[in-house]
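The values are calculated or read from the model by the stated rules, or taken from the named source; none is laboratory data. In this text the structure is predicted, and so the values were computed from the model without any measurement. Neighbour counts are summed over all protein chains in view; Cβ atoms, including those assigned to glycine, are modelled from backbone coordinates with ideal geometry. Remember, those area values only see protein heavy atoms, side chains included, never the ligands or the DNA or RNA. Shrake-Rupley method; radii C 1.70, N 1.55, O 1.52, S 1.80 Å.
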Amino acid sequence: MPTVSVRRELLFQALGRSYTDEEFDELCFEFGLELDDVTSEKDIISKEKGEGKAEGASDTVLYKIDVPANRYDLLCLEGLVRGLQVFKERINLPRYEKIIPAKGEGQKLIITEETAKVRPHAVAAVLRNITFTKERYDSFIDLQEKLHQNICRRRALVAIGTHDLDTIAGPFTFTAKAPSEIKFKPLNQSQEYTAPQMMDLYRTDSHLRHYLHLIENKPLYPVIYDSNGVVLSMPPIINGDHSKINLNTRNVFVECTGTDMTKAKIVLDTIVTMFSEYCEKPFTVEAVEVVLPNGKTHIYPELAYRKEKVKPEHINKKLGISETPSSLAKLLTRMCLKSHVTGNGNNIEIEIPPTRADIIHACDIVEDAAIAYGYNNIQMTIPKTYTIANQLPLNKLTELLRLDLAAAGFTEALTFALCSQEDIADKLGTDISTTKAVRIANPKTAEFQVARTTLLPGLLKTIAANRKMPLPLKLFEISDIVVKDPSKDVGARNYRHLCAVYYNKSPGFEIIHGLLDRVMQLLEVPPSEENGYVIKATEGSPTA
């Protein structure tokens, strides 16, 4: 869950009243949040770096609040306060309005076909006549970072750029060029760099180095220019210094580029709805015309409102309560879902605002009704159904075999389900292409490249790591292996395997033979070539 840090005095000032820490903790719980910690900047630095480093740090009290990962509207002070005020019925949910300028007067963002192979999507909007203070500016920047880490998936899906519109001139062009052709002064730098030089510059940057891999191996880098050739940004890495915003910025051009159009629209809607309250005309956003490579045009932000209908009895049944339709509509309205009863009380019509991208299904509406009603207010009842839990037959058999193998003097080992390609191929004398191994797309280490197709490498590694132990070593493992299976919806299948190893100075084949006979006896498999088991010499790699 994302954690939002807000200054207590600013929060209480925005809420219009003060709370004790216990009272605010209770308010958060009622709203479906959690007050994770009450701390200060000084305490945080002291814990992380020691008391010496914390000298001179602020003692201002900070609330660290855990927010559900899909509630993007609560990732900043503005959204948090708005949500709590609506929940406590102190304000009505604002209506967000998209202002479309007269033809020829609005801003335009042109996307070229070169972007198709790097970051094909872009949306934009303008926050007109906005007023920043130091606190509002910090919150604006912090929200972008929270979104980057959350819905934007560390800028892989969406990257946000914000620019001082008064320092640049439209129409703007989103294109892709060879790295050597891109040159500009990046944010907070004193000189111009080419794109390759920027990659080298930020390779050691503690913040930006994590995003370089997104484009550094691409033949073209995405870049946004204004009509005078001024670079606004090179997404998803860095903005240009020329258009950086500050406390005196009055008009903000917001652009979101990415590989996921749905996420880009959600991110843009979230940013402009959270901070449009500081515009001269609150909760209004100036639209931008986006021209696609095929010539089609779209107007953003969408700020789309949509309506859903849910039956009151459905909500009551799912939650185990018995509220009237009007009472349920009031509960949902407190959760920023403006609702009213329609018809003869058979339906509740819910208007879902652009800030609530998390509402996808009727069950999401039911969940919000439960939060507003209060989980602690739902009476606990014994379920009307009568069921008896039962262990999965395969797991039950596995547990019984484990007991008997342990009784036979063998020690159970539990090894990793992931291993290297060499473990299941080269080291066992077989070709990796014949193993049907499931590969990991981006392994963090060479030790975990594939899912194991046999249990033997894990046991052999265990023996290698315990060679100083007194002999003999008698080990076994009963676990799953994974192989590719195109007939399955996930493309792979698990099989439960048993592997046993006997390690000593003398061969001890009769011990493993005896163990096999005992297992087969337990499984009631007779020693027979027709309907049982036989032991035969074989060539090739061992399997388990």
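Structural remarks
- FRET efficiency, H513 to K427 (Cβ-Cβ, R0 22 Å, nearest 0.05): 0.35
- Each peptide in 505-515, 412-422, 113-123 gets a packing score, the mean of other Cβ atoms within 10 Å over its residues, and the list from highest to lowest is 113-123, 412-422, 505-515.
- For the range 104-150, accessible area per residue (1.4 Å probe, heavy atoms of protein chains only), Å²: 44 Å²
- Computed helical MRE - 222 nm, the chain, DSSP H runs ≥ 4 contributing -39500 (n - 2.57), nearest 500: -8000 deg cm²/dmol
- Lysines whose Cα lies under 18 Å from that of K488, excluding same-chain neighbours fewer than 8 positions away: K436
- Pairs of Cα atoms in the range 122-188 fall into 10 Å distance bins, from 0 up to the last occupied one, in shares of 14, 40, 40, 7 percent.
- Members of K103/K218; K484/K505; K265/K338 lying beyond 29 Å, as alpha-carbon distances in this model show: K103/K218; K484/K505
- With a cut-off of 13 Å on the backbone N, the residues of the range 4-38 near the modelled label site 7 Å out from Q149 along Cα-Cβ are 4-6.
- Spin-label pair L522/D241, simplified geometry with 7 Å Cα→Cβ offset, distance in nm: 7.1 nm
- Taking only the C-alpha atoms of the range 187-263, Rg followed by Dmax gives 13.4, 38 Å.
- Ranked by the mean number of other Cβ atoms within 10 Å per residue, highest first, peptides 12-22, 147-157 order as 147-157, 12-22.
- Summarising the strand pairing of the chain, around 85 percent of its internal DSSP beta bridges are antiparallel.
- The range 146-222 versus the range 13-36: alpha-carbon centroid distance in Å: 38 Å
- Rel. contact order, % - alpha carbon contacts under 8 angstrom, at least six apart, the chain: 13 percent
- Computed extension length for M261-E23: 81.6 nm, one decimal, from 0.36 nm per residue of separation with the Cα-Cα distance subtracted.
- Kirkwood Rh in Å, taken over the range 207-301 so that all alpha-carbon pairs contribute: 15.5 Å
- Probe 1.4 Å, protein heavy atoms only - accessible area per residue of the range 346-400 in square angstrom: 69 Å²
- Above 35 Å, the calculated P(r) of the chain contains 57 percent of its Cα-Cα pairs.
- Largest-first principal axis extents, alpha carbons of the range 192-234, Å: 33, 21, 15
- Computed on the Cα trace of the range 68-146, the radius of gyration divided by the Kirkwood hydrodynamic radius gives Rg/Rh = 1.05.
- Backbone amide hydrogens, once placed in the peptide plane, bring A492 within less than 5 Å of D485, excluding anything fewer than 5 places away on its chain.
- Taking each residue as 0.36 nm, the span from D200 to E9 lengthens on full extension beyond its C-alpha to C-alpha distance by 64.6 nm.
- Linear extension gain, A464 paired with E529, 0.36 nm per residue minus alpha-carbon span: 19.8 nm
- Computed packing ranks the peptides 453-464, 399-410 as 453-464, 399-410, most packed first, by mean other Cβ atoms within 10 Å.
- For the range 434-482, the solvent-accessible area of protein heavy atoms averages 55 Å² per residue (probe radius 1.4 Å; ligands and nucleic acids excluded).
- Histogram of C-alpha separations across the range 70-205, 5 Å bin width, %: 2, 7, 11, 16, 20, 18, 12, 7, 4, 2, 1, 0
- The chain - percent of accessible surface contributed by carbon and sulfur, probe 1.4 Å: 50 percent
- Distance histogram in 5 Å bins (all Cα pairs of the range 266-374, percent per bin): 2, 11, 19, 18, 14, 11, 10, 7, 4, 2, 0
- Placing R0 at 60 angstrom, the Cβ-Cβ distance between T297 and T411 gives a FRET efficiency of 0.30 after rounding to 0.05.
- Note on the range 449-491: Rg/Rh from C-alpha atoms, Kirkwood Rh, equals 1.17.
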